[in-house]
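Just below is one structure, and these are the notes that go with it.
The values are calculated or read from the model by the stated rules, or taken from the named source; none is laboratory data. Just so it is clear, the model here is predicted, and its values are computed rather than measured. No Cβ is skipped: glycine too gets one built from the backbone with ideal geometry, and neighbour counts run over all protein chains shown.
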Amino acid sequence: MDDLLAEFIAETRETLGTISGEIVAWEANPKDSRRLDDVFRFVHTVKGSCGFLDLTHLQRVSHEAENALSDLRDGKREPTPALVSAILAIIDRIGEIVDALELGEEIDEAIDGLLIAALTATEDDSDMFPVASQSVAERRNPARSIRVPLELLDRLMSGVSDLVLSRNELSRQLRRTKSDDQVETAFDRMSSCVAEMRDAITWARMQRIESLFAALPRLVRDLSAELGKSVVLEIDGADVELDREMIEMLRDPLTHIVRNALDHGIEGPEERHEAGKTRDGVLRISAHQSGNQIQIVIADDGRGIDQKKLGDRAVESGNLSADAVKTMDGRELLDLVFQPGLSTADAVSTVSGRGVGMDVVRSNVERIGGTIEIESVLGEGTKLALFVPLTLTIIPALIFGVRNGYYAIPRSNIDEIVSLNRGRARMEKVGGTEFAIIRESRVPVIRLGRMLEGENPEGDTPESRDDRHLVIVRSNRRERYAIMVSAVYNHEELVVKPAAPGIMGAGIYAGTALPDNGLPLLLLDVAGLASAAGIRLSLSRNTKDDRHEIEQISAAPEALIFGDRDGRRRAIRMALVERIIDADVSQIAERAGTLRLVWNDETLPVVTCSPLPETGTVRLLRLSDGNAAIAYAIESGTADVGPLPETFEPALRPGRIAGVAVVDGSPIELLDAHYLFSEFSGNAGRRPWSASSQKPRCLVIGGDDLWRHELLVPLIEMAGYDITFDATEDSDLVIDASDADYVSSELQDNVVRLTADPSPGKGRFYRYDRTAIVDALNARLKAKG
Amino acid sequence: MEQLYLVAEAGGTRFAMSADTIGSVVPAPDVIPVPRAAPMVAGVAALRSNVITVIDTLAAIDGRPASVLRGQSLIVVNIVDFLYGLAVDEVHDVCECRELPEKLEGAFEPGWRRISLGVIEVEGHSVAVIDPSALISSSASRAA
């Protein structure tokens with residue numbers, strides 16, 4: 001309702017500005033019925049909106065003005081100066097009331113009687129009410145929001161993107177010349193201004209996802225009527241904000257998914273009744289932000305997808321061989337819905353099932369850098385989860401080299417990077433397709449150099465120095481493949497722009513960008529590349545025997561293992577590492593009490609365990625918890641990605657090190673990221689709770705020790721709770737991380753359930769879903785008052 | 001009605017282009033090849049913090065493999081919100097012409113026919129007027 005009111009206020013105020021001029025122009029020429037119509041329409045609109053918004057007072061005032069205007073239109077009354085003034089006064093009054101509404105002020109209704117009397121007064125007593133026009137001059141100016149055309153916002157955004165690019169170019173030019181402190185200070189200042197502006201514009205373009213969901217109730221109503229079904233729509237998280245361009249891009253896929261759910265998912269009332277379900281089907285749509293991704297889940301409680309049938313269809317259509325289908329497990333079979341031309345629908349209906357299928361939905365989602373996942377239980381329902389980035393235009397990407405060229409891939413598509421030099425993968429050729437065997441899992445390989453430029457003219461063998469790294473990418477959780485590249489460079493945030501049609505037509509590019517080196521760069525489209533290379537889902541499979549083991553490995557979190565500056569091997573959770581930065585020492589200096597790195601548009605607190613050298617470059621890890629970022633200095637030697645060791649010996653005291661584990665026979669220390677962020681990120685806004693001893697107490701049950709001590713507890717403390725692990729103590733809130741519903745359901749209201757499963761069921765949170773956990777804690781804190 | 005034309009030369013042939021669409025003429029910076037792009041696309045290049053698509057004008061006309069060298073003249077045009085650099089051997093002059101281009105399509109070779117709007121008289125010579133947007137459009141029509 002507040003939104004509607006705000007919109008009404010903005011719209012009314014905007015029209016008000018022009019309308020007074022219209023009415024004066026009309027007074028000068030009473031025969032001009034077009035102007036009169038404009039004024040009438042305005043007053044009529046205000047009256048209509050007031051009725052809708054339940055603003056009875058304003059409605060009455062505008063109703064009287066409308067009557068007078070209607071009489072004028074019909075020629076029942078003459079436009080005397082007195083009448084025109086009275087109408088003007090009413091219009092001014094509407095403006096005042098709108099201002100008061102916006103500020104939430106009391107509206108003085110007493111003077112409106114006089115205004116209305118002036119309208120109905122005859123010419124004879126025109127002097128009974130002095131002409132009210134002075135209020136125009138003293139009209140308050142409370143306009144705190146204005147309406148701006150979307151094109152202007154888009155222009156601003158592209159202007160700021162250009163600004164970022166120009167800044168990068170300037171930074172390049174500056175680096176070539178001798179450094180001058182004053183110039184650099186000025187440049188740093190400009191950089192931070194540009195960064196700020198970019199944030200502001202990005203924010204201005206954010207729109208509540210509500211506008212995407214708004215059309216759904218009607219769609220569901222119309223469709224269920226057409227299909228003779230009864231469906232209840234539940235929408236959650238409509239206040240999540242998303243770049244408006246993303247919202248537009250999601251409109252079609254979402255509509256399609258909803259159509260599918262209603263047509264194929266949810267059964268008719270009779271069928272549901274027979275299956276022992278409620279007669280009304282339920283369609284749940286929810287949006288939820290985690291980190292810099294938005295998750296949109298569309299779940300129905302319909303008949304689910306018959307995986308066997310899906311497999312049979314795939315064989316019938318010739319997409320897969322019967323043998324291949326036999327070896328596939330449930331998830332893999334389900335993923336077949338994303339294959340072109342596959343549907344389990346027995347009949348084509350008017351609503352869906354006409355060829356435009358889930359494959360199009362998937363490619364639409366992937367085009368905006370998102371992923372889509374499906375879960376379905378036969379007889380119980382289907383759940384689709386879309387993960388999309390917050391914004392389109394600036395994409396963190398990995399830059400790599402292929403022969404003599406450079407290309408980039410969005411970071412969100414990259415699973416891991418494997419060096420072939422160190423024997424961590426071996427190549428195998430089966431049936432004309434090359435595979436890489438990485439930790440016993442078989443991944444199809446695209447030799448990008450050969451694909452893009454043909455056979456190497458020098459006739460290099462496949463194992464030549466040209467192809468030294470495998471970048472493992474996925475366009476979907478199951479569709480993984482490897483791109484063989486010559487060199488891996490760095491991560492950079494790229495301002496990506498669409499490329500000309502002659503380039504996009506190739507089907508393998510997502511756009512162009514200008515990175516820091518000033519040479520244009522092409523961003524590869526991971527899904528397009530796979531289809532151009534002819535890689536099918538069916539090829540991307542694990543070897544059969546040890547599949548179970550592999551699943552375990554891929555489910556374990558990964559760690560980056562590196563040499564620290566004091567010579568020790570240390571590890572950090574890979575998820576926290578955003579990128580590796582090689583920075584000149586001159587970019588790091590003590591500012592505001594701590595070492596800070598000035599890098600691109602930001603300053604990062606620097607953590608180092610031994611003094612930095614005087615000159616040269618330093619390698620840093622940019623760590624991010626989703627909001628704050630810090631840089632951790634490391635030795636420039638090798639850094640490997642590997643599975644996070646499952647067991648850690650916890651450290652004796654809290655500090656930078658959380659614990660130690662043994663990997664390949666040598667000890668590895670695990671950094672305590674929560675400690676680093678709380679100590680160094682600077683803006684860890686602690687609540688005033690800490691001063692009071694009346695903190696509510698939170699009981700934590702279950703969960704492995706390392707995790708609950710090192711990761712969960714700081715979160716809870718920051719939210720303003722005391723912690724206890726003793727189930728016999730009284731507590732205001734219970735966090736149950738046991739995955740086994742340790743706490744009985746009587747305490748429902750006070751229980752937050754966490755699980756190690758990244759896609760938790762209803763009423764649970766994934767234990768690394770920081771935002772959701774903190775929100776839940778805060779919500780319960782607030783509920784207590 | 002007077003119309004300004006830019007007269008340029010590529011592969012020994014002079015041609016003209018309406019000056020309305022032309023942003024600037026610059027020497028080509030480093031051109032990064034784009035594998036698998038349309039045949040007349042020589043690559044992409046950076047121009048004042050924009051990425052432009054570099055078109056080999058000759059390749060667009062006669063279908064030879066696109067190749068643009070650093071320093072070659074690029075006529076920068078904006079077509080449907082994309083910037084293109086049309087590579088030519090030489091840029092001669094800008095001239096005025098009062099008459100509309102005269103249609104002579106039958107006389108042109110197919111490659112020229114696709115991209116030309118007609119012929120104008122410049123300093124006593126006949127010069128073909130070409131349409132930049134035909135130059136950058138996909139080769140599909142030519143392949144057919």
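Tabulated values for the structure
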| quantity | calculated |
| --- | --- |
| Qualifying residue in the range A:136-147 (condition: assigned to a helix (DSSP H, G or I), over 35 Å from the mean Cα position of the chain (by Cα) and at pLDDT below 75) | yes |
| Neighbours by Cβ (under 7 Å, 6+ apart or cross-chain): first from the range B:112-128, within 14 Å of B:Gln3 (Cα to Cα) and in contact (Cβ under 8 Å) with a residue 24 or more places away in the chain; second of a type in the set (Phe, Trp, Tyr) and surrounded by 14 or more Cβ atoms within 10 Å (Cβ to Cβ) | B:Ile120/B:Tyr5 |
| Exclusive hit being among the hydrophobic types (A, V, I, L, M, F, W, C) and closer than 21 Å to A:Ile374 by Cα, set A:Leu223, A:Leu242, A:Leu254 | A:Leu254 |
| Meets criteria (out of contact with any Leu (no Cβ under 9 Å at 6 or more places or on another chain), surrounded by 16 or more Cβ atoms within 10 Å (Cβ to Cβ) and not polar (S, T, N, Q)) for B:Gly43 | yes |
| Near pairs, Cβ below 8 angstrom, 6+ apart or cross-chain, from the range A:271-286 (farther than 16 Å from A:Arg221 by Cβ) to any residue that is hydroxyl-bearing (Ser, Thr, Tyr) and assigned to a loop (DSSP other than H, G, I, E, B) | A:Arg272/A:Thr278; A:Arg279/A:Ser230 |
| Answer residue from the range A:616-627, given it is surrounded by fewer than 15 Cβ atoms within 10 Å (Cβ to Cβ) and at pLDDT 75 or above and is nearest to A:Tyr675 (Cα to Cα) among those | A:Thr617 |
| Residue among A:Ala132, A:Ala89, A:Ala118 that is more than 22 Å from A:Phe8 (Cβ to Cβ), assigned by TED's automatic domain parsing to the domain that holds A:Ala10 and modelled with pLDDT of 70 or more | A:Ala118 |
| Matching residues in the range A:48-82 - criterion: being over 17 Å from A:Ala118 (Cα atoms), more than 50 Å from the chain's Cα centre (by Cα) and part of a helix (DSSP H, G or I) | A:Arg73, A:Asp74 |
| Selected residue (criterion: farthest from A:Phe187 (Cα to Cα)) from residues of the range A:572-591 that are touching a residue at least 40 places away in the same chain (Cβ under 8 Å) and either exposed (fewer than 14 other Cβ atoms within 10 Å of the Cβ) or touching a helix residue (DSSP H, G or I) at 6+ places or on another chain (Cβ under 6 Å) (or both) | A:Leu576 |
| Among the candidates A:Pro605, A:Pro613, residue that is at pLDDT 75 or above and exposed (fewer than 14 other Cβ atoms within 10 Å of the Cβ) | A:Pro613 |
| Counted residues, the range A:507-525 - those being more than 8 Å from every other protein chain (Cβ to nearest Cβ) and hydroxyl-bearing (Ser, Thr, Tyr) | 0 |
| Given (1) assigned by TED's automatic domain parsing to the domain that holds A:Arg221; (2) surrounded by 20 or more Cβ atoms within 10 Å (Cβ to Cβ); (3) in a helix (DSSP H, G or I); (4) touching a helix residue (DSSP H, G or I) at 6+ places or on another chain (Cβ under 9 Å), number of the condition A:Val337 does not satisfy | (1) |
| Odd one out for A:Leu384 among (1) crowded, with 16+ Cβ neighbours inside 10 Å; (2) at pLDDT below 80 | (2) |
| Wholly enclosed strands (runs of 3 or more DSSP E) of the range A:217-292 bearing at least 2 residues modelled with pLDDT of 85 or more and not assigned by TED's automatic domain parsing to the domain that holds A:Ala575 | A:231-236, A:281-290 |
| Strands (runs of 3 or more DSSP E) wholly inside the range B:1-116 that include at least 2 residues being within 14 Å of chain A (Cβ to nearest Cβ) | B:41-47, B:50-56, B:73-79, B:82-88 |
| Output for the range A:28-47, where each listed residue is loosely packed, with under 13 Cβ neighbours inside 10 Å and assigned to a loop (DSSP other than H, G, I, E, B) | A:Asn29, A:Lys31 |
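Every residue, every condition in (1) under 23 Å from A:Glu105 (Cβ atoms); (2) without any contact (Cβ under 8 Å) to a residue 40 or more places away in the chain; (3) not acidic (Asp, Glu), yes or no:
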residue: A:Thr18; (1), (2), (3): no, yes, yes
residue: A:Asn29; (1), (2), (3): no, yes, yes
residue: A:Phe40; (1), (2), (3): no, yes, yes
residue: A:Val46; (1), (2), (3): yes, no, yes
residue: A:Glu66; (1), (2), (3): no, yes, no
residue: A:Pro81; (1), (2), (3): no, no, yes
